[in-house]
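Remarks on the structure that follows.
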Amino acid sequence: MAYEYVAPLADMRFVLEQVLEAPRSWHACPAFAELDIHTASAVLDEAAKFAGEVLQPTNAAGDLEGCTLDADGRVHTPRGYREAYQAFVEGGWPALPCDPAWGGQGLPLVLDAAMREMLSACNHAWNMYPDLLHGAYETLKAHGSEALKARYLRRLASGEWLAAMALTEPQAGSDLGALRTKAEPRPDGSVAVSGQKIFISGADHDLTDNVVHLVLVRLPDAPAGSKGLSLALVPKVLDDGTRNAWFVDGLEKKMGIKGSATCAVRYEGATGWLVGEPHRGLAAMFLMMNSARLHVGLQGLGHQEMAVQNALRYAAERVQFRTPIVHTPAMRHLLLRAQALVEGQRVIAYRAALAIDEAHHHEDPARRADAAALAALLTPVVKAFCTHHGFHGAAAMQQVFGGYGYVHEYGIEQTVRDARIAMVYEGTNEIQAIDLLQRKVLGDGGAAVQGLLADCEAEAARIDATGDAALAPFAAALRAQIAAAGEVTAAVAAAARTDAEAPLRAADDYLFGLAHLLLAWAWAASARAAAAMPAGPFGEAKLARSRYAVEQLLPQAGVHWQRARRCGLELPALAR
Ligand SMILES: Cc1cc2nc3c(=O)[nH]c(=O)nc-3n(C[C@H](O)[C@H](O)[C@H](O)COP(=O)(O)OP(=O)(O)OC[C@H]3O[C@@H](n4cnc5c(N)ncnc54)[C@H](O)[C@@H]3O)c2cc1C
């Protein structure tokens, strides 16, 4: 059985049009006022063709071939990657959500999100190269000097040049405050960057002539810690055509995403220019990291979709005990849980992207502020929860393949290996959980989370208003999650007043609890939308799966809320 991808276009459209009512949101955003669901669907149809027909055929071969570093220090990507990238650029895909003023197509980020889901499903490793482009573009647009914008923005938006994000150093992973790479100011306004970075995705490759590094550095007068970091743009090729003074010392041999070049980079007085204010680099970089975090969450979603649709096909074909295994209750549970989780997470991830669109473009300033708070709250949840299930969900689907799932040619083992890194990079999932609870929830006195709870209550009230008794359990399940989230948030806030470590002990379970609240909302909204559709198999199946999800998957929320509530308990010593 070939390991293949069919973009879930009907589901994507259902989420955008029926569940999230994205066209209403677009009409309230002057930048997207002309956009309708038919045009949006046509864009996704074309993206699906690129992902399935051009990109997916390069996936398994690229995994076997990997990247190479030649004797001259040049990085080569697997066969077919360059051609796929050229087709991607010619199709105008890099510029999809960029500003028309910089050569972009000016389409909403939520459509870009759906495209990212497809690209990650079809070839995560290849997608690593263009995935950072949009974040680099946004960072430069918001913080770059006019000269830097003039030189780089159009070329990034078009995909003529690609970007890399250089943060990590051997001693500085999660703790970026420990990084040492230096930037010495020069009289001409540039800086000389020196130091060593590791694990830099796409720092060099053969897809574009130039690669633009955004590098976290320390100026000579920098205060210690993360407040002393600045951001520098350091290209591979300088304006006069000469090669800049940085070098790739090695490529990592990795568990997965083997077609993505993970580079150790040495900067030896390389020429760069500061982006944004000195010592404010982390704030500038956060734009890029937030965009990247949403993209990484979408990688997890893509992996789950790829895994579940292939597992479903396999289960329908594989006969044991004279029955296709898809009819066994055990396999049916596995597949149903996976499908329901993918469907719920898609609603959440697209909601986050829609919130980012509204935060930038909504005509009402109050709505923009609310949307920004929602986007900030949802981003770490999407990153951590979708990537957790990207790996664990793909591994669950590997079970459906039995022993064949362990064999390369069946494809699923690559998805499992590729999915694992997304739990680690762009801020590990533990760092996401701390960011969520300490900064996004407790940091604003609970205002953002109260806004989310109010949104969820509005969905429950909307279900009540339908008067449909079949939907009542969804409203009840959602209200139970709203109550648990409110109660646990208050308990953690109270514990934090006397015990600074309490939120750190609660963080992972709090994130998973909140993700389950969001799932309850997603399944409730999906059920309401499905019930409102003309009778037919799509809506009926959606309703049945949402009902199954609430009964079978929501009980897990109780475990997370209970553990988070007990954050006052000190942790015992570990056995040695
Ligand atoms: C394939 C790949 C691609 C990458 N791409 C890039 C890139 O393009 N650019 C870039 O700059 N970096 C990149 N990275 C680096 C990646 O972002 C780091 O590996 C990641 O941030 C974690 O840092 P670390 O590996 O040093 O782990 P550590 O920070 O040492 O963490 C180890 C473990 O401890 C946990 N931990 C650490 N501190 C805390 C804490 N305070 N509370 C709770 N738990 C904690 C972590 O969650 C993790 O589980 C990449 C890495 C890989 C493997």
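The values are calculated or read from the model by the stated rules, or taken from the named source; none is laboratory data. As the structure is a prediction and not an experimental result, all values here were calculated from the model. Glycine also receives a Cβ, built like all others from the backbone with ideal geometry; neighbour counts cover every protein chain displayed.
For the residues 164, 136, the requirement of being within 16 Å of the ligand (Cβ to nearest atom), buried (at least 24 other Cβ atoms within 10 Å of the Cβ) and part of a helix (DSSP H, G or I) singles out 136. Applying the criterion of being within 15 Å of the ligand (Cβ to nearest atom) and in a loop (DSSP other than H, G, I, E, B) to the residues of region 208-234, the residue that is nearest to residue 259 (Cα to Cα) is 229.
Each row is one residue, and each column tells you yes or no for (1) touching a Ser or Thr at 6+ places or on another chain (Cβ under 9 Å); (2) at pLDDT 95 or above; (3) over 15 Å from residue 404 (Cβ atoms).
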{"residue": "296", "(1), (2), (3)": "yes, yes, yes"}
{"residue": "303", "(1), (2), (3)": "yes, yes, yes"}
{"residue": "315", "(1), (2), (3)": "yes, yes, no"}
{"residue": "323", "(1), (2), (3)": "no, yes, yes"}
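The residues of region 271-293 that are small (Gly, Ala, Ser) and either free of Cβ contacts under 8 Å to residues at least 12 places away in the same chain or within 11 Å of the ligand (Cβ to nearest atom) (or both), listed by number, are 283, 292. Filtering 125, 113 for residues that are outside any loop (DSSP other than H, G, I, E, B) and closer than 25 Å to residue 263 by Cα leaves a single hit, 125.
Checking region 140-147 against the condition returns no match, with no residue being crowded, with 23+ Cβ neighbours inside 10 Å and within 12 Å of the ligand (Cβ to nearest atom). From the list 507, 490, the one residue that fits, being over 20 Å from residue 335 (Cα atoms), surrounded by fewer than 23 Cβ atoms within 10 Å (Cβ to Cβ) and among the aliphatic types (A, V, I, L, M), is 490.
Return a yes/no flag: does region 43-51 have any residue that is over 18 Å from residue 105 (Cβ atoms), surrounded by 14 or more Cβ atoms within 10 Å (Cβ to Cβ) and either without any contact (Cβ under 8 Å) to a residue 60 or more places away in the chain or touching a helix residue (DSSP H, G or I) at 6+ places or on another chain (Cβ under 9 Å) (or both). Within region 43-51, none of the residues are over 18 Å from residue 105 (Cβ atoms), surrounded by 14 or more Cβ atoms within 10 Å (Cβ to Cβ) and either without any contact (Cβ under 8 Å) to a residue 60 or more places away in the chain or touching a helix residue (DSSP H, G or I) at 6+ places or on another chain (Cβ under 9 Å) (or both). Listed by first and then second residue, the pairs linking a residue in region 311-322 that is among the β-branched types (Val, Ile, Thr) to a residue that is assigned to a helix (DSSP H, G or I), with Cβ atoms under 9 Å apart and 6 or more places separating them unless they lie on different chains, are 319/325. If you go through region 382-419 and pick out every residue that is under 19 Å from residue 513 (Cβ atoms) and either without any contact (Cβ under 8 Å) to a residue 12 or more places away in the chain or within 16 Å of the ligand (Cβ to nearest atom) (or both), you end up with 6. Selection of helices (runs of 4 or more DSSP H) fully inside region 1-90 by the criterion of at least 2 residues being under 30 Å from residue 402 (Cα atoms) and at pLDDT 95 or above returns 9-13, 59-65. Scanning region 530-565 for residues that are in contact (Cβ under 8 Å) with a residue 12 or more places away in the chain and assigned to a loop (DSSP other than H, G, I, E, B) gives 533, 553, 554. The helices (runs of 4 or more DSSP H) found wholly in region 420-529 and carrying at least 1 residues that are within 16 Å of the ligand (Cβ to nearest atom) and modelled with pLDDT of 95 or more occupy 429-434, 472-498. Of the residues that make up region 351-358, is at least one out of contact with any His (no Cβ under 8 Å at 6 or more places or on another chain), on the phi > 0 side of the Ramachandran plot and not acidic (Asp, Glu)? Looking through region 351-358, none of the residues is out of contact with any His (no Cβ under 8 Å at 6 or more places or on another chain), on the phi > 0 side of the Ramachandran plot and not acidic (Asp, Glu). Based on this model, can you work out whether residue 515 counts as touching a Lys or Arg at 6+ places or on another chain (Cβ under 6 Å) and in the same structural domain as residue 462 (by TED's automatic domain parsing)? No; evaluated as a whole, the condition is false for this residue.
When you check residue 306 against the structure, is it crowded, with 24+ Cβ neighbours inside 10 Å and either more than 26 Å from the chain's Cα centre (by Cα) or not assigned by TED's automatic domain parsing to the domain that holds residue 526 (or both), yes or no? It is true that residue 306 is crowded, with 24+ Cβ neighbours inside 10 Å and either more than 26 Å from the chain's Cα centre (by Cα) or not assigned by TED's automatic domain parsing to the domain that holds residue 526 (or both). Would you confirm, using the coordinates I've provided, whether residue 227 is in contact with a Pro (Cβ under 8 Å, 6 or more places away or on another chain), of a type in the set (D, E, K, R) and farther than 27 Å from residue 130 by Cβ? Considered against the rule, which asks whether it is in contact with a Pro (Cβ under 8 Å, 6 or more places away or on another chain), of a type in the set (D, E, K, R) and farther than 27 Å from residue 130 by Cβ, residue 227 comes out as no. Can you confirm whether residue 260 is part of a strand (DSSP E or B) and of a type in the set (Gly, Ala, Ser)? No, not satisfied. Pull up region 328-376, narrow it to residues that are touching a residue at least 12 places away in the same chain (Cβ under 8 Å) and among the basic types (Lys, Arg), then point me to the one that is farthest from residue 556 (Cα to Cα). Among those residues, the one meeting the criterion is 367.
The conditions of being part of a helix (DSSP H, G or I), in contact with an Asp or Glu (Cβ under 6 Å, 6 or more places away or on another chain) and away from the ligand (no atom under 16 Å from the Cβ) are met by residue 371. Would you check if there is a residue in region 295-307 being in contact with a strand residue (DSSP E or B) (Cβ under 6 Å, 6 or more places away or on another chain) and over 30 Å from residue 275 (Cβ atoms)? Checked against the condition, which is being in contact with a strand residue (DSSP E or B) (Cβ under 6 Å, 6 or more places away or on another chain) and over 30 Å from residue 275 (Cβ atoms), region 295-307 yields no hits at all.
Residues in region 237-270 that are farther than 23 Å from residue 424 by Cα and buried (at least 20 other Cβ atoms within 10 Å of the Cβ) were compared, and the one that is farthest from the ligand (Cβ to nearest atom) is 244.
Of all residues in region 174-207, those satisfying the criterion of being within 8 Å of the ligand (Cβ to nearest atom), in a loop (DSSP other than H, G, I, E, B) and surrounded by 18 or more Cβ atoms within 10 Å (Cβ to Cβ) are 202, 203. Between 104, 91, which is surrounded by fewer than 24 Cβ atoms within 10 Å (Cβ to Cβ), more than 21 Å from residue 299 (Cβ to Cβ), away from the ligand (no atom under 16 Å from the Cβ) and among the small types (Gly, Ala, Ser)? Answer to the check: 104.
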